[in-house]
1. What part of the accessible area of the chain, given as a whole %, is carbon or sulfur when the probe is 1.4 angstrom?
2. Can you tell me the length gained on complete extension of the stretch residue 451 to residue 425, counting 0.36 nm per residue apart and subtracting the Cα distance?
3. Given the DSSP H assignment, sum -39500 (n - 2.57) over each helix run of at least 4 residues in the chain and divide by its residue total; what's the result at 222 nm in deg cm²/dmol, nearest 500?
4. Considering only C-alpha atoms, what is the centroid distance from the range 64-123 to the range 130-149, in Å?
5. Pairs of alpha-carbon atoms within less than 8 angstrom and 6+ residues apart define the contacts here; what relative contact order does the chain have, in percent?
6. Counting only the heavy atoms of the protein chains, how much of residue 142 is accessible to a 1.4 Å probe, in Å² to the nearest 10?
7. Using only the alpha-carbon atoms, how far is helix 301-311 inclined from the longest principal axis of the chain? Give it as 0 to 90 degrees, nearest 10.
8. Normalised by the number of residues in the range 349-488, what is the relative contact order in percent for Cα pairs under 8 Å and 6+ residues apart?
Amino acid sequence: MTAICVMVLGTTSGAGKSWLTTALCRHYARQGLKVAPFKAQNMSNNARVVDGGEIGSAQYFQALAANAEPDVRMNPLLLKPEADTRSQVVLMGAVSRALSDMPWRGRSEKVWPHITAALDALRAENDVVVIEGAGSPAEINLHASDIVNMRVARHAQARCLLVTDIDRGGAFAHLYGTWALLPPDERALIHGFVLNKFRGDAALLAPGPQMLQDLTGVPTVATLPMWWQHGLPEEDGVFDDKTRAAGAVSKTIAVIAWPRISNLDEFQPLKNVPGVRLVWARTPADCAGADWIVLPGSKATAADLAWLRLQGLDRAVAEHAAQGGAVLGICGGLQVLGEALIDTHGIEAMDLGNAPGLGLLPLVTAFDANKTVRHTTATFGELTGPWAALSGIAASSYEIHHGQTAQHPAMAAAGDVARAVLPNSLGWQNAAGNVLGVYLHGLFEDPRVLQALFGASVPTLDSVFDGLADFIEQHIEPGVLQALIHKD
């Protein structure tokens, strides 16, 4: 078995590669084919635990859409930004300190054998591999060190679709310019153009698509309408709009949108809970009127804590808690809620790693050189206050963190003790009951948690994947998807 490879390229970041790749995975899986996703290199702080370590969340969801078991081969290289000029490098699921310390351009030849081995192994086991590119394939300054776009396409002789965001304007120029900057052998791999996020009457696009085909020989195979609520989690950034599901607002949840937010995709289900309004908070004003304030995961906890203080959000969180408002810290958010962050291994930036926390829980976090990456099912003990509904709930979740958190010894001796509400140092609650900190990612993806906290259920991932496949089957020209996997 040697899989045919279909690849989704984009003219820019945010053009629609990830969701279109997910849709193609489900489409081909519904044809009875064995399908796997692949992305050679992903840059994202949204990661999921899989067999062998961690991969980007997008490839995790693509694997589920393909009815495949997610594994590290589907995203052999994951870059997790820690600062504007520094990323943690995860190779085949595990952190590589050597690659993390290496200059960007020096990594390519080191990792390329791992990338090709992972892709070749997936091809040997599947009928179709749906590959996602990154950014644009026409970044001519990066072409010589490319390991994620056209070098992968050439290796797999992939049949490529090039997608552009027409809502941004300049779509035909983006498509033509991208095609024109590629060398002839790479142009030959482009089998179709896709116009994404179109609003209005598609007939008004004429004669643009035909003129583009006359210039390039490549047909425009789809004009995809704007679709605001496809249901997939965001991959690269927070939702900048205030979001609300159906019904009158009964609960406003403010999630702190600090610069190195991680695993933000776990909040997607909150968008679909009836009566919930989700706000991404960057200023104290964004927290005004919130019922809950959530401190999410962070890839640079100490740096994000410094940013929190700079914005005055530390005071906003403290005042909210003092007034009895519900506060939830998840992973890095839990660490920030404690008394102190201790970094003797240089995991965080050296000038920021040791820092006082917000002091809302009497805990101390010590960063450990070894990273915890695992699936976890843990049962909540007895909780009080706004979190009481979680008592006795067995939550299915995952952990990705360097820090290890424990009671502050001096404060415990003085009687200021946080209540452990999860086993194995996974969660604590303050004496008043309104502040809860946990190491569990993915709580809001667990139907039992949603039902307990909101009395609600949300659409299943399977229904989301089927909706994506239905959408592209309706709007891509007939026969195109089958032609892409036809063996010559």
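1. Working: 10070 of 19030 Å².
Heavy-atom surface of the chain belonging to carbon and sulfur, 1.4 Å probe: 53 percent.
2. Stretched out fully, the residue 451 to residue 425 stretch lengthens by 6.9 nm.
3. Taken over the chain, the calculation gives -8000 deg cm²/dmol.
4. Cα centroid of the range 64-123 versus Cα centroid of the range 130-149: 14 Å apart.
5. 14 percent
6. 70 Å²
7. With rounding to tens, the tilt is 80 degrees.
8. Details: 184 pairs, mean separation 30.9, N = 140.
Normalised by residue count, the contact order of the range 349-488 is 22 percent.
The values are calculated or read from the model by the stated rules, or taken from the named source; none is laboratory data. Small disclaimer: the values here were computed from a predicted structure and weren't measured. Counting neighbours? That spans all protein chains shown, and the Cβs are built from the backbone with ideal geometry, glycine included. Only protein heavy atoms, including side chains, enter the accessible area calculation; ligands, DNA and RNA are left aside. Shrake-Rupley method; radii C 1.70, N 1.55, O 1.52, S 1.80 Å.
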